[in-house]
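The block underneath contains the structure these notes are about, expressed in structure tokens.
The values are calculated or read from the model by the stated rules, or taken from the named source; none is laboratory data. Since this is a predicted model, take the numbers as computed values, not measurements. Counting neighbours? That spans all protein chains shown, and the Cβs are built from the backbone with ideal geometry, glycine included. Each accessible area value is taken on the protein alone, full model and side chains, heavy atoms only, with ligands, DNA and RNA left out. Shrake-Rupley method; radii C 1.70, N 1.55, O 1.52, S 1.80 Å.
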Amino acid sequence: MGKEAQVSARFPDGDEDGKLLWEQPKLIFRGVSRRIFEGEGLRGVRADGGDLVVGEARFELGEVPAARWAEAINNPPSRLDKLGVKPGQRVGVHNLADHEFIDELSTRAAPTSELADLDILFYGADDADELAAIGGLIPALAEGGALWVVSRKGKAATVKDVEVMAAARAHGLVDNKVCGFSDAHTALRFTRRRG
């Protein structure tokens, strides 16, 4: 999850007030000017008193928030952290041919092809038939288990997020998180409705 704050900023070419946003992997300042810091531009980010220091720019956040922002920027959560994958969980991957992700997943939890008693199930869905199959996957989830529906995003999207949500809600699931899965895919998290 990103961060957002109203700040006073000091740049070599003058001072400005505006909004500072941390949307991994970018730090964005929106004031009179719009400035984006990413990649090498974020190297050496640090807190100095109440300021977040990014190269020659300084953003007044307060002592505790500046330290938290610096920590978040210097140590961003991994994709598996964002997806909530923990060691020892039973994790399944179904209809998702992303070998890079499966290799990454294997470093934390051995993925299984057995669709039973899963803490997390990652499911690829890019058309109406795949969305219709969501109901058949729910029994594979353990009590409290989560279903991540992974689909293409942007101009390559063949299903919209609202269609994914409608398909899952039709089977009693509730959406509770979204995650940028990759440059080309997004993921929506669903769990069983409580009560």
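Test V178 against the criterion of being touching a strand residue (DSSP E or B) at 6+ places or on another chain (Cβ under 7 Å), open to solvent by 80 Å² or more (accessible area, probe 1.4 Å) and aliphatic (A, V, I, L, M), and give yes or no.
So V178 passes the test.
Looking at this structure, is A142 small (G, A, S), under 29 Å from F190 (Cα atoms) and part of a strand (DSSP E or B)?
Here the answer is yes, as A142 does meet what is asked.
When you scan segment 55-72, do you find a residue that is out of contact with any Ser or Thr (no Cβ under 7 Å at 6 or more places or on another chain), basic (K, R) and either open to solvent by less than 80 Å² (accessible area, probe 1.4 Å) or within 24 Å of V178 (Cα to Cα) (or both), even just one?
Looking for residues that are out of contact with any Ser or Thr (no Cβ under 7 Å at 6 or more places or on another chain), basic (K, R) and either open to solvent by less than 80 Å² (accessible area, probe 1.4 Å) or within 24 Å of V178 (Cα to Cα) (or both), one finds at least one in segment 55-72, hence yes.
Would you confirm whether any residue within segment 60-72 is more than 30 Å from D126 (Cα to Cα) and among the β-branched types (V, I, T)?
Checked against the condition, which is being more than 30 Å from D126 (Cα to Cα) and among the β-branched types (V, I, T), segment 60-72 yields at least one hit.
Within segment 73-94, restricting attention to residues that are part of a loop (DSSP other than H, G, I, E, B) and basic (K, R), which residue is surrounded by the most Cβ atoms within 10 Å (Cβ to Cβ)?
Taking the candidates together, the pick is R90.
When the residues of segment 85-118 are filtered to those that are closer than 25 Å to A166 by Cβ and not hydrophobic (A, V, I, L, M, F, W, C), which remaining residue is modelled with the lowest pLDDT?
Per the stated criteria, the residue is D98.
Given A170, A140, A125, A157, which one is open to solvent by 50 Å² or more (accessible area, probe 1.4 Å) and hydrophobic (A, V, I, L, M, F, W, C)?
Selected residue: A170, the only one of A170, A140, A125, A157 that is open to solvent by 50 Å² or more (accessible area, probe 1.4 Å) and hydrophobic (A, V, I, L, M, F, W, C).
What number of residues within segment 1-50 satisfy the criterion of being in a loop (DSSP other than H, G, I, E, B) and either free of Cβ contacts under 8 Å to residues at least 40 places away in the same chain or under 24 Å from the mean Cα position of the chain (by Cα) (or both)? Lay out the reasoning, then the answer.
Step one: list which residues in segment 1-50 are in a loop (DSSP other than H, G, I, E, B), which gives 1-2, 12-13, 24-25, 31-33, 43-45, 49-50.
Next, only the ones that are either free of Cβ contacts under 8 Å to residues at least 40 places away in the same chain or under 24 Å from the mean Cα position of the chain (by Cα) (or both) stay: 1-2, 13, 24-25, 31-33, 43-45, 49-50.
The total comes to 13.
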